[in-house]
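The values are calculated or read from the model by the stated rules, or taken from the named source; none is laboratory data. Here the structure is a predicted model, which is why all the values come from computation and not from measurement. Heads up, the Cβs are rebuilt from the backbone with ideal geometry, glycines too, and the neighbour counts pull from every protein chain shown.
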Amino acid sequence: MKKRLLYLGLIAALLLGACGQPSQATPAASGLPADAAALAQERGLTQDDIYAALKTYMPSGQTDPFIMFSSGGQSGQVLVIGVPSMRILKVIGVFQRESWQGYGFGGSTDAVFKEGYMPDGSELAWGDTHHPNISETNGSYDGEFLFINDKANARLAVIDLRDFETKQIVKNPNTISDHGGAFVTPNTEYVVEGPQYGVPLGFEYAPTDQYQQQYRGLITFWKFDRLKGRVDPSQSFQIELPPYWQDLCDAGKGVSDGWFFCNSFNTELATGGVESGQPPFEAGTTKNDTDYLHIFNWKKAEEVFKAGKAETLNGMAVIKLQTAIDEGILFFSPEPKSPHGADVTPKGEFVIVGGKLDPHVTIYSFQKMQAAIAAGGLETDVYGVPVLPLDKVKEAQVELGLGPLHTVFDDKGYAYTSLFLDSAVARWTLGGDYASQHPEEPWTLVQKLPVQYNIGHITAVEGDTATPAGGFVVALNKWSIDRFANVGPLMPQNFQLVDISKGGDQMKVLYDMPIGMAEPHYAQIMKADRLKSIQVYPEIGWNPDTWSVDPTAITSEDEARVERNGTNVEIWMSVIRSHYKPEHIEINQGDHVVWHLTSLERTPDATHGFALSGYNINLSLEPGETQTIEFDAKQAGTFTYYCTEFCSALHLEMMGYFLVKP
Ligand code: CUK
Ligand code: CUA
């Protein structure tokens, strides 16, 4: 009994604490059922567990204050997750077809998907998404668009956050894999696709013994046309780079706006070949003590491109390496042991680089870079790129632990770095202007919080912008091992929500969220009130691709009809609870079919599906949406079409016959 009272008191105290204002907490605290305390006791929940539960629980009907956009890794998707409840809100098909969204199964999104095929038209049906980036205005998320790269095939996708649909995929014509994308400049002038593995430009054939002469790195600045909501390849440009493996990138902002930074590895120019007695890549690429931080003046590159000093290769403007050197676009600076990550601090004055085999993060000063460039007299690498000496540009090095990878920031002057080998989140203090924000010494480690296990990226609420919001960090852990029920040898990843609301060494793990589809790399967390998404399409007949009323749409059931012109059959179909009109379509085998479907619904969430069995067609028709499918009726027989969304009590009756006469 005594124990029970203790628990009750504890929960009440926690509730009061969690709500801040004791006077406002009365309904929950005073009416707390005794069985809650009994439950806590029965389950053996600790004080920390109860605190974590109260921090993350979202009562039914309440929505999360933050939205996380996570890459879906090799599933080619984007995951949308509410924070702090860690509930999945949506899975967006990007580089793979997503039947639940009707993405890539017959409607206008087929064209989006096909845009991303190889230059010769070969199909690419999957992708490896790494880094989602929300569009920014003045260095802060504006909630309008989301971009993500496909590492596997060097592609970039544009998602419109009005309806959370993928609107565009561009295939990079001059490289075959990418990594340091998709990173936006502070006003989303460009979406940058950094490279990864060196290949000859245009991924033409060249033997690996020609590596130094013929292989190259390449960074792409895709121009974003915000009005059209699309990338404009004709206004985009690339910069040829030495064939080091450029890795993670970040855009300068604030004082460093106009500049761009990428870490790299393999300055050894290793080409592998373990099977013929060469050192394997893992050894060959880690011989040198340093690799090169790549420092780009992208405003200068833009000027050079606009002045016509770029060459055209496979339809893309490429600023050649020598031009980049001559024009002062590209500089290097040494980075310690197997660097990873390049993260710009909120005001833009420092770049932080991790080191997979170095226990430090290295902090580069943008101001010192500028001074070193201005001073001149720089040595160059073997390709002639000027190298800024590390001791001239280094602001500090902080020893954090083993395997520092990525760094994000909060509103209290702390930085948070993922430690892969240590399986920990390091909280440390920034110096410079940030020093006044926290009581601790600048540039010192404050806390190492164990996470489970092997954290890759780390993300914080608006933690990579000019205006970090603090509150939470999410550790994107690669291994989960023993954290969840055994679902076989392919185990989930583990997202761990971490409370960073209190200063000093008081970070705490709050919640484990299994990710059961692939390996997310990066995620961004945005304040939910920045979203301007729509609930229903603005007008009946809306084409989500053109973002306007489609000329083929109908506005009432009276206009539903079938017209035949020779062997061409055109169908105008209305869709509303709970019937299609027409319900019979009778055609001849071999006819060419153009089928327009319009949802006449105006009620939020009154979505209908349209599955045409045997023809590999499935649409999702959201309220007001119009879609057109086009195909040849090759198979004769009796086919059914039906609604795949449980839209009403008579949803099962929402069907029709597609009769194809032999
Ligand atoms: S990389 Cu995955 S942990 Cu692709 Cu951003 Cu560093
Ligand atoms: Cu419409 Cu089910």
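Structure data summary
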item: Test: residue in the stretch 450-458 that is touching a residue at least 60 places away in the same chain (Cβ under 8 Å), among the small types (Gly, Ala, Ser) and either out of contact with any strand residue (DSSP E or B) (no Cβ under 6 Å at 6 or more places or on another chain) or buried (at least 18 other Cβ atoms within 10 Å of the Cβ) (or both); result: yes
item: Residue in the stretch 402-414 that is of a type in the set (S, T, N, Q) and either over 27 Å from ASN477 (Cβ atoms) or surrounded by fewer than 18 Cβ atoms within 10 Å (Cβ to Cβ) (or both) present; result: no
item: Extreme residue, farthest from VAL361 (Cα to Cα), among residues of the stretch 401-415 that are out of contact with any His (no Cβ under 9 Å at 6 or more places or on another chain) and in contact (Cβ under 8 Å) with a residue 60 or more places away in the chain; result: ASP410
item: Within the stretch 491-502, tally of residues that are crowded, with 18+ Cβ neighbours inside 10 Å and either part of a loop (DSSP other than H, G, I, E, B) or away from ligand 1 (no atom under 16 Å from the Cβ) (or both); result: 5
item: Residue under evaluation HIS438, criteria (1) modelled with pLDDT under 95; (2) under 22 Å from the mean Cα position of the chain (by Cα), criterion not met; result: (2)
item: Odd one out for ASP422, checked against (1) more than 16 Å from ligand 1 (Cβ to nearest atom); (2) surrounded by 18 or more Cβ atoms within 10 Å (Cβ to Cβ); result: (1)
item: Tally, over the stretch 377-398, of residues that are farther than 30 Å from THR429 by Cα and either of a type in the set (Val, Ile, Thr) or in contact (Cβ under 8 Å) with a residue 60 or more places away in the chain (or both); result: 7
item: Test: residue in the stretch 430-439 that is touching a residue at least 40 places away in the same chain (Cβ under 8 Å) and assigned to a strand (DSSP E or B); result: no
item: Those helices (runs of 4 or more DSSP H) lying entirely in the stretch 278-358 with at least 2 residues touching a strand residue (DSSP E or B) at 6+ places or on another chain (Cβ under 8 Å); result: 298-306, 321-326
item: Candidates THR312, THR285, THR323 - the one that is polar (S, T, N, Q) and over 30 Å from ILE363 (Cα atoms); result: THR312
item: Entirely in the stretch 27-126, the strands (runs of 3 or more DSSP E) that have 3 or more residues that are of a type in the set (Asp, Glu) and closer than 28 Å to TYR522 by Cβ; result: none
item: Tally, over the stretch 469-490, of residues that are assigned to a loop (DSSP other than H, G, I, E, B) and out of contact with any Lys or Arg (no Cβ under 9 Å at 6 or more places or on another chain); result: 14
item: Qualifying residue in the stretch 364-380 (condition: touching a Pro at 6+ places or on another chain (Cβ under 8 Å), farther than 30 Å from ASP326 by Cα and not hydroxyl-bearing (Ser, Thr, Tyr)); result: no
